[in-house]
Amino acid sequence: MQTLAQYAATSDSTIGRQVYEAPPNYRSEYQRDRDRIVHSTGFRRLEYKTQVFVNHEGDLFRTRLTHSIEVAQIGRALARALDLNEDLTEAIALAHDLGHTPFGHAGQDALNECMSNYGGFEHNLQSLRVVDVLEEKYAEFEGLNLTFETREGILKHCSLPNARKLGQLGERFLKQHQPSLEAQLANLADEIAYNNHDIDDGLRAGLISVQQLLEINLFEEHYRVVKDLYPQLSERRATHEIIRRMINCLVGDLIETSKQNLVSISPSSIEDVRQYSSAIIMFSEQMIAMNLELKQFLRNNLYSHFRVYRMSKKAHHIVEKLFDAFINDTKLLANEYRRKAKIMESSDGDVGRARIVADYVAGMTDRYAISEYNRLFDPLQLT
Ligand code: MG
């Protein structure tokens, strides 16, 4: 078995679970977290939630599920190379998008606007809410009762007012402390995964071209190498070869830069990592610049492409209409949510009712949101 570094998270040094449970017999604490995440309802919903392309736009685009699996794969490779806890990194990666609304960022922005008078909607916080409260599976506790370290990794960002309500978990945002190295890894594995798979999906959809991508240094560098080595390769295969080399290059840079940081900072424990003033896991300066260039390219050419934008507008419309309908008349909600809304309204008023409506809308898959919209607003649809 691999020996973990002194600054890695371990089952023995875990801050623990909100409700005490005896340690698992045959697994580590983080394997147990991972297994609970894989068995959750929220995890299965990821299959039908948009990453960039809405699920029904094509069978081969990434979904939130395949994206999360790619993040876990990259995260595990990074963790193993740095003697960090692979199980924890995997658990964080698989759970990191559980709180995402249907229709990706368009859905999240719409729900956040709808919730502006009721405490807002943050998808990271919603991921935490899914694992802490919304999953109803176990006899002994609410949610999945995950370890502090997995929950810490899931909560990548948090506004200060919300951080104040979260006790120990929110402290790092108030004190500007860092999460575990495994959480830092999972965060950057997310970035490596989406930047690269969005290029692949964008090309597949015909929204960006190889010619345009040659503006990007990171792409151009690997394009030249692949063209020199394999001049006859079809464009589809060459693209895959370029992207896999880009991922390798980013992963290699992250490992080498982080290794150097770890040697010079030399933290003696996970607590040292948390107290450190800035992130330890990072890319080199040169790679940060190349990565930024890539992100800007995707923002300017893919995410704002008129075809993506049209779908985003529709998504915004659907989420907004669903929220408005339910918040104004909770009798439209299915029995279970109607009952929950009533209970929350009696303790927290409008804010409580809105939170249940947000939970319901956020939990929807793309196609469920579309059919719920049709059931509510199309008179010819069955209810
Ligand atoms: Mg993600």
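Only residues in region 172-191 that are in the same structural domain as GLU86 (by TED's automatic domain parsing) count as the first member; pair them with residues that are open to solvent by 40 Å² or more (accessible area, probe 1.4 Å) and within 11 Å of the ligand (Cβ to nearest atom), Cβ under 6 angstrom, at least 6 apart or cross-chain, and list the lot. The qualifying pairs are ASN187/LYS156.
Would you say ALA279 is farther than 30 Å from LEU181 by Cα and small (Gly, Ala, Ser)?
Details: farther than 30 Å from LEU181 by Cα: no; small (Gly, Ala, Ser): yes.
No.
For the condition modelled with pLDDT of 95 or more, in the same structural domain as ASP201 (by TED's automatic domain parsing), open to solvent by less than 80 Å² (accessible area, probe 1.4 Å) and closer than 25 Å to VAL251 by Cα, what is the one hit in GLU293, GLU285? Reasoning before the result, please.
Values: GLU285 fails: open to solvent by less than 80 Å² (accessible area, probe 1.4 Å).
Just a single option satisfies the conditions, and that option is GLU293.
Among GLN286, GLN275, GLN260, which is under 30 Å from LEU84 (Cβ atoms), of a type in the set (S, T, N, Q) and touching a residue at least 40 places away in the same chain (Cβ under 8 Å)?
Details: GLN286 fails: touching a residue at least 40 places away in the same chain (Cβ under 8 Å); GLN260 fails: touching a residue at least 40 places away in the same chain (Cβ under 8 Å).
Exactly one of GLN286, GLN275, GLN260 is under 30 Å from LEU84 (Cβ atoms), of a type in the set (S, T, N, Q) and touching a residue at least 40 places away in the same chain (Cβ under 8 Å), namely GLN275.
For region 33-60, filtered to residues that are buried (at least 20 other Cβ atoms within 10 Å of the Cβ) and among the aromatic types (Phe, Trp, Tyr), the residue that is modelled with the highest pLDDT is PHE43. Check region 73-94 and report whether any residue there is within 18 Å of ARG17 (Cα to Cα), in a helix (DSSP H, G or I) and either in the same structural domain as VAL361 (by TED's automatic domain parsing) or more than 16 Å from the ligand (Cβ to nearest atom) (or both). Taking every residue of region 73-94 in turn, at least one turns out to be within 18 Å of ARG17 (Cα to Cα), in a helix (DSSP H, G or I) and either in the same structural domain as VAL361 (by TED's automatic domain parsing) or more than 16 Å from the ligand (Cβ to nearest atom) (or both). Among the residues of region 164-197, just one is surrounded by fewer than 19 Cβ atoms within 10 Å (Cβ to Cβ), of a type in the set (Asp, Glu) and closer than 29 Å to GLY252 by Cβ, namely GLU191.
Of all residue pairs spaced 6 or more apart or on separate chains, those with beta-carbon atoms under 7 Å, a first member in region 5-27 that is closer than 19 Å to GLU142 by Cα and a second member that is in a loop (DSSP other than H, G, I, E, B) are ARG17/ASN145; ARG17/LEU146; GLN18/ASN145; VAL19/GLU140; VAL19/PHE141; VAL19/ASN145; GLU21/ASN145; PRO23/SER11. Here the condition is being part of a loop (DSSP other than H, G, I, E, B), modelled with pLDDT of 95 or more and either closer than 29 Å to THR66 by Cβ or open to solvent by 60 Å² or more (accessible area, probe 1.4 Å) (or both); of TYR7, TYR30, TYR20, it holds for TYR20 alone.
Out of all the residues in region 74-93, is one or more touching a residue at least 24 places away in the same chain (Cβ under 8 Å), buried (at least 21 other Cβ atoms within 10 Å of the Cβ), at positive phi and small (Gly, Ala, Ser)? No. Within region 104-119, the presence of a residue that is outside any helix (DSSP H, G or I), under 17 Å from ARG36 (Cβ atoms), assigned by TED's automatic domain parsing to the domain that holds ARG36 and modelled with pLDDT of 95 or more is excluded.
Here's the yes/no breakdown for (1) assigned by TED's automatic domain parsing to the domain that holds LYS314; (2) within 14 Å of the ligand (Cβ to nearest atom); (3) aromatic (Phe, Trp, Tyr):
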{"site": "TYR30", "(1), (2), (3)": "no, no, yes"}
{"site": "ARG34", "(1), (2), (3)": "no, no, no"}
{"site": "LEU46", "(1), (2), (3)": "no, yes, no"}
{"site": "GLN51", "(1), (2), (3)": "no, yes, no"}
{"site": "ASP59", "(1), (2), (3)": "no, no, no"}
{"site": "LEU65", "(1), (2), (3)": "no, yes, no"}
{"site": "GLU70", "(1), (2), (3)": "no, yes, no"}
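The values are calculated or read from the model by the stated rules, or taken from the named source; none is laboratory data. Computed from a predicted structure; not experimentally measured. Note that each Cβ is placed from the backbone with ideal geometry, even for glycine, and that neighbours are counted across all protein chains shown. Each accessible area value is taken on the protein alone, full model and side chains, heavy atoms only, with ligands, DNA and RNA left out. Shrake-Rupley method; radii C 1.70, N 1.55, O 1.52, S 1.80 Å.
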